[in-house]
Amino acid sequence: MILPEEGHLLRIFIGESDKYEGQPLFEWIVRKAREQGLAGATVLRGLLGFGAHSRISTAKILRLSEGLPIVVEIIDTREKIEAFLPIIDQSISEGLATLEKVQIRFYRSGK
């Protein structure tokens, strides 16, 4: 797959304990992104954060069982990301999604 120099980055902020169809929501989103042929996705686990509810989630030892913040980042063209958003929209009951223009310097598989 070849990507243009200008792409877009979709960031989805959710909780680690969020579920959809019986599996972690972040896994479901990444699987859907792959099914839709998007260029790539990465899941990042936050150490500390808060969102719309203003509850602080932290990785402190006594609070490990609480859902930490998760960020799913997906890169591709604006058109492919715009087509992907309606697919995942109904699965996210709480969270935030942002979209920003990015410059793609290279996209290599190593083959």
Overall Cα dimensions of the stretch 1-48, principal axis frame, Å, largest first
35, 26, 10
Compute the long axis of helix 78-89 from its Cα atoms, compare it with the longest principal axis of the Cα atoms of the chain, and write down the angle in degrees, 0 to 90, nearest 10.
30
Using helices alone, what [θ] at 222 nm do you get for the chain, with -39,500 (n - 2.57) per DSSP H run of 4 or more residues, divided over all residues and rounded to the nearest 500?
-6500 deg cm²/dmol
For the stretch 26-40, 3J(HN,Hα) per residue [Karplus equation, 6.51 cos²θ - 1.76 cosθ + 1.60, θ = phi - 60°, Hz, x = Gly/Pro]
4, 5, 4, 5, 5, 4, 5, 4, 5, 4, 7, x, 5, 5, x
Per-residue ³J(HN,Hα) for the stretch 91-98, Karplus 6.51 cos²θ - 1.76 cosθ + 1.60, θ = phi - 60°, Hz, x for Gly and Pro
8, 9, 7, 9, x, 8, 10, 10
Over the chain, what portion of Cα pair distances is larger than 25 Å, expressed as a whole percent?
26
If amide hydrogens are placed 1.01 Å from N in the peptide plane, which non-local residues have theirs closer than 5 Å to the one on residue 68?
16, 17
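Values quoted throughout were computed directly from the atomic coordinates according to the rules given, and no laboratory measurement underlies them. Remember, predicted model here, so these are calculated numbers, not experimental data.
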